[in-house]
Amino acid sequence: MSSQEGRCLGLVGGLGPGATVYYYRELLAAHAAQSRVPRMLIAHADVNRVMSAASAKDFGGLADYLAGLIGSMKAGGAEMTAIVALTPHICVPQLTPISPLPLIDMVSEVAAEIRARGLKRVAMFGTRFTVETRMFGRLDGVDVVMPKPDEIELIQNIYADVVAGRSTPAQIDALRRLAHIFIERDGAEAILLAGTDLSTVLDQTNIDFPAIDCAAVHIKAITERLLA
């Protein structure tokens, strides 16, 4: 008997090749676990253009750019879309009304996971932009720890090295130590891994603190919709 195909996903990738590959592999595995055949299109987004627009707070322009990529995937047969990186989700309020396809929003899924776990106070690892805006101010009803400036700088530098594929075991150890500081000093109940590339260096084999892997939560939500 041939395996049944899932619905077709249009994935906005390129926002860190490692993140794109991570999503692709995890989605393949999720389909295989249910004996389903994945159908997927990937559009390469220019990471420099995305980060420049986000830094300039040109959320409308960023939404227009992403909507164009999504429109191309719709033309190719995609039925829904998702973005592999967290930072572009800053423009979700502007993107959702103009997106040619239904968007599976990572931040909404993470917020729902936090509520489901009954958490009231969290900290996060991610880009400076994500940390300083407390995930774009979209975690309603959740108290988010604001790290000290030098801690934000440390997280940003380590994250940049992870994305570039040059992080060291010592740097990952530093993140683990920082997680425990946020828990013990600041009362965080869990650490959000709010950067997809972090999922490639922090997992169940080396995490010794309560955590929510935002990419894993997102991928689970995508899979549920594709295979519904």
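The values are calculated or read from the model by the stated rules, or taken from the named source; none is laboratory data. Model, not experiment: these values are computed from the prediction. All Cβ positions, even for glycine, are placed from backbone atoms using ideal geometry, and neighbour counts span all protein chains on display. These area figures cover heavy atoms from the full protein model, side chains too; ligands, DNA and RNA do not enter into them. Shrake-Rupley method; radii C 1.70, N 1.55, O 1.52, S 1.80 Å.
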Let me check I've understood the local charge: for GLU79, count other residues with C-beta under 15 angstrom from its C-beta, Lys and Arg +1, Asp and Glu -1. What total comes out?
+3
Please list, by residue number, every one of the trypsin sites (Lys or Arg not before Pro) in the stretch 46-119 that is coil in DSSP and has at most 16 other beta-carbon atoms within 10 Å.
LYS57, ARG117
Using a 1.4 Å probe on heavy atoms of the protein chains only, the accessible area for SER72 in Å², nearest 10, reads 80
Please work out the FRET efficiency for the pair ARG128 and LEU28, using the Cβ-Cβ distance as r and a Förster radius of 41 Å; give the result to the nearest 0.05.
0.80
Given (1) 12.5; (2) 13.8; (3) 11.2, the label whose value is mean projected area of the Cα convex hull in nm² derived from this model
(1)
Return the loop-located trypsin sites (Lys or Arg not before Pro) in the stretch 134-228 (DSSP other than H, G, I, E, B) with at most 10 other Cβ atoms within 10 Å of their own Cβ; answer none if there are none.
ARG166
Work out how much length GLU79 to GLN171 would gain on full extension: take 0.36 nm times their residue separation and subtract the Cα-Cα distance, in nm to one decimal.
29.1 nm
Roughly to the nearest percent, how much of the accessible area of the stretch 61-206 is carbon and sulfur, given a 1.4 Å probe?
51
Per GNM of the chain with C-alpha springs under 10 angstrom, the most fluctuating residue out of VAL122, VAL37, VAL84 is VAL37
Max mean-square fluctuation residue, GNM over the chain, Cα-Cα springs under 10 Å, options ALA67, ALA111, ALA56
ALA56
Dimensions of the stretch 137-228 along principal axes (Cα, Å, largest first)?
44, 34, 24
Difference of contour (0.36 nm per residue) and Cα-Cα distance, ASP58 to ALA160:
34.5 nm
So if I place +1 on the C-beta of Lys and Arg and -1 on the C-beta of Asp and Glu, and nothing else carries charge, what would the dipole magnitude of the chain be about its Cα centre? I want it in debye, nearest 20.
380
For an R0 of 30 angstrom, estimate the FRET efficiency from the Cβ-Cβ distance between ASN48 and MET146 and round to the nearest 0.05.
0.60
Which whole-number value in Å² is the accessible area per residue of the chain, probe 1.4 Å?
45
